[in-house]
Amino acid sequence: MSPQPAVLAISGIPGVGKSSVSAIVARRLERCVHLEAEAFQRFVVSGSVWPDGDPHEEAMRQLRLRGRNVALLADSFHEAGFTSIVDDVVIGSRLGELRADLRARPLLFVLLLPTLEVMRERNRRRPGKDVFETWRHLDTVAREETPRVGLWLDTSEQTPQESAEEILRRAWTEAIVP
């Protein structure tokens with residue numbers, strides 16, 4: 001499969017399966033990179049403040065810095081003919097920030113939205129990484145504050161493979177951000 005190179009943002013709150021789905025999609029495309037934004041946060045060896053950390057202002061500054069750096073790398077790979085998958089929590093105002101930071105087009109946006117009940121159960125089965133209680137409040141931000149663009153998917157009844165297949169079928173026609 002080799003659709004037109006694009007920047008494909010696969011978003012959702014922590015724990016929805018962004019990384020799993022993004023990895024599957026990336027392997028199916030002929031020329032693709034998977035930019036897992038959380039890894040960019042780990043690049044900060046000293047002085048890192050995660051998005052839920054204190055001081056809040058510094059946490060938000062570093063989150064914004066992370067977003068700008070992901071966009072720079074996505075643009076670079078796109079210029080070289082690759083599709084760049086941005087795997088990050090791009091909800092609420094963060095979608096506008098990504099749009100402003102990226103030069104590459106088309107920008108495709110997919111928001112993964114399983115129900116909170118499904119997320120709670122998936123998190124319970126997840127080894128070693130409990131993210132549900134910390135981040136569940138972001139479900140409201142995702143659903144109510146994110147601009148209604150792109151492809152919004154209820155992945156409650158889907159495996160990561162099924163979600164990836166649906167994205168590959170629909171993103172290049174239905175997920176384009178104007």
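Would a scan of region 48-61 turn up a residue that is of a type in the set (K, R), in a helix (DSSP H, G or I) and either under 17 Å from the mean Cα position of the chain (by Cα) or within 24 Å of P178 (Cα to Cα) (or both)? No; the residues of region 48-61 include none that is of a type in the set (K, R), in a helix (DSSP H, G or I) and either under 17 Å from the mean Cα position of the chain (by Cα) or within 24 Å of P178 (Cα to Cα) (or both).
Suppose we keep only residues that are among the acidic types (D, E) and not in a helix (DSSP H, G or I) within region 120-178. Which one would you say is modelled with the lowest pLDDT? So that I can check it myself, show each step before the final result.
Filtering region 120-178 for residues among the acidic types (D, E) gives 121, 130, 133, 139, 144-145, 154, 157, 162, 165-166, 174.
Within this subset, residues satisfying the condition of being not in a helix (DSSP H, G or I) are 130, 154, 157.
Details: D130: 77, D154: 98, E157: 97.
The selected residue is D130.
Scanning region 7-47 for residues that are assigned to a helix (DSSP H, G or I) and in contact (Cβ under 8 Å) with a residue 40 or more places away in the chain gives K18, S19, S20, V21, S22, I24, V25, A26, R28, A37, E38. Write out, first by first residue and then by second, each pair whose Cβ atoms fall under 6 Å of each other, whose residues are 6+ apart or on separate chains, and whose first residue, in region 152-168, is over 17 Å from R27 (Cβ atoms) while the second is among the β-branched types (V, I, T) and part of a helix (DSSP H, G or I). That search, which allows pairs on different chains as well, returns S156/V118. Among the residues making up region 73-105, those that are surrounded by fewer than 18 Cβ atoms within 10 Å (Cβ to Cβ), of a type outside the set (A, V, I, L, M, F, W, C) and within 22 Å of T173 (Cα to Cα) are D75, E79, G81, G96, R103, R105. Could you tell me which residue of region 37-72 is surrounded by the fewest Cβ atoms within 10 Å (Cβ to Cβ), considering only residues that are of a type in the set (A, V, I, L, M) and touching a helix residue (DSSP H, G or I) at 6+ places or on another chain (Cβ under 6 Å)? Residue satisfying both the conditions and the ranking: V49.
The values are calculated or read from the model by the stated rules, or taken from the named source; none is laboratory data. Computed from a predicted model, the values in this text were never measured in an experiment. When we count neighbours, we look across all protein chains shown, and the Cβ atoms used for this are built from the backbone with ideal geometry, even at glycine.
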